[in-house]
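Engineer: I'd like to ask you about the structure that follows.
The values are calculated or read from the model by the stated rules, or taken from the named source; none is laboratory data. This is a predicted model, so every value here is computed, not measured. Counting neighbours? That spans all protein chains shown, and the Cβs are built from the backbone with ideal geometry, glycine included.
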Amino acid sequence: MKTDKTRMKNELEGSVQGHRDGHGFVLRDDGGPDLYLPPAQMRAVLHGDRVRAAVTQFDRKGRAEGRVLSIISRPPRPLIARLVRESGVWLARPEDRRYGQDVLLEKRGMGRAREGQIAVIAFTGEPALHAQPTGRVTEVLGDADDAGMEIEIAVRKFGVPHEFSPAALAQAQALPDAVQPAERKGRIDLTDVPFVTIDGEDARDFDDAVYCQPAVASGRGKRPNGWRLLVAIADVSHYVTNGDALDADAFERATSVYFPRRVIPMLPEKLSNGLCSLNPQVDRLALVCDMLIDRQGAITAYQFYPAVIHSHARLTYTQAAAWLAGETGGAAPGQQALLPQLQNLASAYRALLAARHARGAVELDSVETQIVCDEAGRITQILPRERNDAHRLIEEAMLAANVCAADFMLEGKREGLFRVHDAPPPDKLATLRSYLAALGVRAAVPDEPQPADIQRIAEQVAARPDAAQIHAVLLRSMSQALYTPANSGHFGLAYPAYAHFTSPIRRYPDLLVHRVIKAMLAGRKYALPKLPAFGEAHEKLRQRLQKNARPASAAENLPRKTAKAHQAWEAAGLHCSACERRADEASRDVQAWLKCQYMQQHLGEVFEGTVSAVTSFGLFVTLKDLYVEGLIHVSELAGDYYRFDEARQELRGERSGTRYTLGQPLRVQVARVDLDGRRIDFCLPAASADGPPASADVPAGRKTARPAAAKTDRKPRAAKAAKAARAAKPRTARSSARSSSGRR
């Protein structure tokens, strides 16, 4: 009996994650440390399999190694691979190198495929310890160097739905091209109100239009007392009804996916760019959030109602910012009348911004980049995105509408999806405290911090030369935002309740919030349609989100019917959150591939950069002006044995005392570019190879070690380090507060 208990204790379940070097790991369902699988064990399993495994031994650092006992499930999934022919045998070489084996192709399963093409492969024979997996070609995507091939690969690699069902397309095609007379009934006619859309130059779908005027107080003198702000949002729910074909496709996608030069929309183009888009000079159906904002930026009253609007102009952020700065020379004669309301918007924005600062919302500086491609889809430039007052104006207007939507659902005691952002977890707070202390930043980080505590630190270090890196660490200490029916507030934005209401063309949670609000206006309750089961493509994401999320509610204490409805909302929230992560991963994968291709033309060149992350296995460096990140593996830091100090976020040489720290400027050389692995490797320039570079921190009076055989932390698990690299790699992205806002 004791033996059985010991055996069961050593057994575990989890998902297999392959590595391009042939070994793999089991990501445990119980959240424990990953189990290492040697290459021999990986021959009988595939990346993504759910398995039962057993621990067989531990290495000198206490890390578990194991073997696979059985395969619990092997989700049906296509494999994207390059077709090669070796010794007369056709093979499919996976583009995702986490699949460690080539697939042997059946001769009758080749179709018209040619060598070198990229194809979708279906497995026909399972892998075994002494046999390769077999498969057949089901779809040829094209040649490897075809424009946009990286996107075709990514959508299939991450399981992004990219083809609408015939039923959804037929339903969209049957819709009218314009608002019909019967659709105006029961709606407020606001076609005479000069709404405007303000968006990016390359935007094609317009979810929102805004209008602002001074609010006049009653009584003697009728002095202005704040502003009346109208945010009109496309009424997608009028055309995409509960449980229909369009709704099923929209739920499956849950979000539009944005790639350079291409968008995979949540809705067919007839709706996303046509009937639902608030295009200028045409009537459109909208759901309006009508707000009164006082001079302190507080929302003193609001109401929702369905309306018909007529956008009077489509302005870009650049154009609107120029007008606000007084540069109105480029305004057409018909647009001059819009200038006063734009000034009203700016005044309301300043009040809302002051209220944001007063409540202590977190604002962390980070760099967003824009990839500029040529006609062939190849990068020509990587530019930082500039945020001007027009961006911020629209963002604050959308935040205000989202807050009202959340409050309306809470006041009405109705189920719906909230956008929840929890406070930083204890383990990340501990790491943050150690890091700040090591840098000499005297700042209190309470066990239960408020947003103002984080913002106070951000402001305290703003003048330091390493402010950007400290802000990055603050950002990494934050939790991820989720969709859930259990409201616990939004930490980053410092709101007690927050929901996504302003982008129903491209986000399914917003569409659900619209349906809840419209049902409340009609005096009834909204019931979710019967939701399909979670797709295997993002089941692992769903499980991870479910483990990390707070319990949505004590559903077991609710009446049976209410508990069942609540659980359906929980499932919808998890699905939408998982799809959001899936879209982000697919988009990052394409950007990483494009950046690798871009850097191939710079092999051997030397650039100035900044250390953007420090790990036990090396340094991530972001190139100045190019905004491309690569890794200097610790084995490239020759001449010493480097130890990782997590608290100080630095690598320090044992003999020389040379330090490489977060935020440190560094000259690097482009050593290798791996397109398949989406990886760029840097090294120190030749002049720096015999000692620390000029920018390295060497303590005074300390002699630099002579070149010697590199001693590193790489041994014996460089592969484990590479896996950790992907997990630890910082993202050049918006702050948690901004990425969860009502805009993009």
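Engineer: Scanning for something among the basic types (Lys, Arg) and closer than 20 Å to ASN344 by Cβ, does the stretch 270-293 turn up at least one residue?
Structural biologist: no
Engineer: Right, next: May I ask you to list the residues in the stretch 411-430 that are under 24 Å from SER577 (Cβ atoms) and in a helix (DSSP H, G or I)?
Structural biologist: Passing the criteria: PRO426, ASP427, LYS428, LEU429.
Engineer: Considering each of ALA298, ALA307 in turn, give the residue that is at negative phi and surrounded by fewer than 19 Cβ atoms within 10 Å (Cβ to Cβ).
Structural biologist: None of the other options fit; the residue is ALA298.
Engineer: With ALA92, ALA53 as the choices, which residue is free of Cβ contacts under 8 Å to residues at least 60 places away in the same chain, in contact with a helix residue (DSSP H, G or I) (Cβ under 9 Å, 6 or more places away or on another chain) and surrounded by 16 or more Cβ atoms within 10 Å (Cβ to Cβ)?
Structural biologist: Checking each option against the conditions leaves just ALA53.
Engineer: Which condition number in (1) among the hydrophobic types (A, V, I, L, M, F, W, C); (2) crowded, with 22+ Cβ neighbours inside 10 Å; (3) not in a strand (DSSP E or B) is the one that ALA647 fails?
Structural biologist: Status for ALA647: all satisfied but (2).
Engineer: Can you confirm whether ILE382 is aliphatic (A, V, I, L, M), at pLDDT below 90 and surrounded by 14 or more Cβ atoms within 10 Å (Cβ to Cβ)?
Structural biologist: yes
Engineer: Can you name the number of the only condition in (1) exposed (fewer than 14 other Cβ atoms within 10 Å of the Cβ); (2) more than 22 Å from GLY135 (Cα to Cα); (3) touching a residue at least 12 places away in the same chain (Cβ under 8 Å) that PHE58 fails?
Structural biologist: (3)
Engineer: Just give me the residues in the stretch 339-374 being more than 22 Å from ILE293 (Cα to Cα) and polar (S, T, N, Q), in sequence order.
Structural biologist: SER366, THR369, GLN370
Engineer: Let me ask another. May I ask you to list pairs of residues, at least six apart or on different chains, whose Cβ atoms are under 6 Å apart, with the first in the stretch 28-39 being assigned to a loop (DSSP other than H, G, I, E, B) and the second being surrounded by 16 or more Cβ atoms within 10 Å (Cβ to Cβ)?
Structural biologist: Listed by first residue and then by second, the contacts come to ASP29/GLY14; ASP34/PHE25; ASP34/LEU27; PRO38/HIS23.
Engineer: Out of all the residues in the stretch 292-299, is one or more outside any helix (DSSP H, G or I), closer than 25 Å to ARG204 by Cβ and at pLDDT 95 or above?
Structural biologist: No: zero hits.
Engineer: Go through the residues of the stretch 549-570 one by one and say whether even a single one is buried (at least 20 other Cβ atoms within 10 Å of the Cβ) and modelled with pLDDT of 80 or more.
Structural biologist: yes
Engineer: Can you find a residue in the stretch 189-196 that is of a type in the set (S, T, N, Q) and under 27 Å from the mean Cα position of the chain (by Cα)?
Structural biologist: No.
Engineer: Go through the stretch 129-141 residue by residue and tally those that are part of a loop (DSSP other than H, G, I, E, B) and crowded, with 18+ Cβ neighbours inside 10 Å.
Structural biologist: Matching residues across the stretch 129-141 total 1.
Engineer: Among the residues of the stretch 251-266, are any modelled with pLDDT under 90 and under 30 Å from GLY377 (Cα atoms)?
Structural biologist: yes
Engineer: Let me ask something else about it. Is at least one residue of the stretch 142-156 in a loop (DSSP other than H, G, I, E, B) and loosely packed, with under 13 Cβ neighbours inside 10 Å?
Structural biologist: Checked the stretch 142-156: at least one residue is in a loop (DSSP other than H, G, I, E, B) and loosely packed, with under 13 Cβ neighbours inside 10 Å.
Engineer: Under the condition of being within 15 Å of LEU619 (Cβ to Cβ) and surrounded by fewer than 20 Cβ atoms within 10 Å (Cβ to Cβ), which residue from the stretch 673-682 is modelled with the highest pLDDT?
Structural biologist: In this case the residue turns out to be ASP681.
Engineer: So GLU163 ticks every box in (1) out of contact with any helix residue (DSSP H, G or I) (no Cβ under 7 Å at 6 or more places or on another chain); (2) touching a residue at least 24 places away in the same chain (Cβ under 8 Å); (3) on the phi < 0 side of the Ramachandran plot but one. Which box is left unticked?
Structural biologist: (2)
Engineer: Against the condition touching a strand residue (DSSP E or B) at 6+ places or on another chain (Cβ under 8 Å), part of a strand (DSSP E or B) and assigned by TED's automatic domain parsing to the domain that holds GLY226, how does MET266 come out, does it pass?
Structural biologist: no
Engineer: When the residues of the stretch 195-215 are filtered to those that are surrounded by fewer than 20 Cβ atoms within 10 Å (Cβ to Cβ) and either assigned to a loop (DSSP other than H, G, I, E, B) or not assigned by TED's automatic domain parsing to the domain that holds LEU267 (or both), which remaining residue is modelled with the highest pLDDT?
Structural biologist: Here the residue is GLY200.
Engineer: What residue, of ALA313, ALA298, ALA322, is touching a Pro at 6+ places or on another chain (Cβ under 7 Å) and among the aliphatic types (A, V, I, L, M)?
Structural biologist: ALA313
Engineer: State yes or no: is PRO446 surrounded by fewer than 23 Cβ atoms within 10 Å (Cβ to Cβ), free of Cβ contacts under 8 Å to residues at least 60 places away in the same chain and either of a type in the set (Phe, Trp, Tyr) or under 23 Å from GLY412 (Cβ atoms) (or both)?
Structural biologist: Judged against the criteria, PRO446 is not a match.
Engineer: For residues that are assigned to a strand (DSSP E or B) and touching a Leu at 6+ places or on another chain (Cβ under 7 Å), scanning just the stretch 306-318, find the one that is nearest to LEU338 (Cα to Cα).
Structural biologist: ALA313
Engineer: Let me ask something additional. Taking CYS404 and the conditions (1) farther than 21 Å from PHE206 by Cβ; (2) assigned by TED's automatic domain parsing to the domain that holds VAL196; (3) in contact (Cβ under 8 Å) with a residue 60 or more places away in the chain; (4) part of a helix (DSSP H, G or I), which numbered condition does it fall short on, given that it satisfies the others?
Structural biologist: Only one criterion is unmet by CYS404, namely (1).
Engineer: In the stretch 476-498, which residue that is touching a Leu at 6+ places or on another chain (Cβ under 8 Å) and under 17 Å from ALA458 (Cβ atoms) is surrounded by the most Cβ atoms within 10 Å (Cβ to Cβ)?
Structural biologist: Looking at the filtered set, the residue picked out is LEU493.
Engineer: Same structure again: What do you reckon, is ARG77 charged (D, E, K, R), within 23 Å of GLY159 (Cα to Cα), surrounded by fewer than 20 Cβ atoms within 10 Å (Cβ to Cβ) and at pLDDT 90 or above?
Structural biologist: In short, no.
Engineer: Let me ask you something else. Is it true that LEU393 is more than 30 Å from ASP145 (Cα to Cα), surrounded by 15 or more Cβ atoms within 10 Å (Cβ to Cβ) and in contact with a helix residue (DSSP H, G or I) (Cβ under 8 Å, 6 or more places away or on another chain)?
Structural biologist: yes
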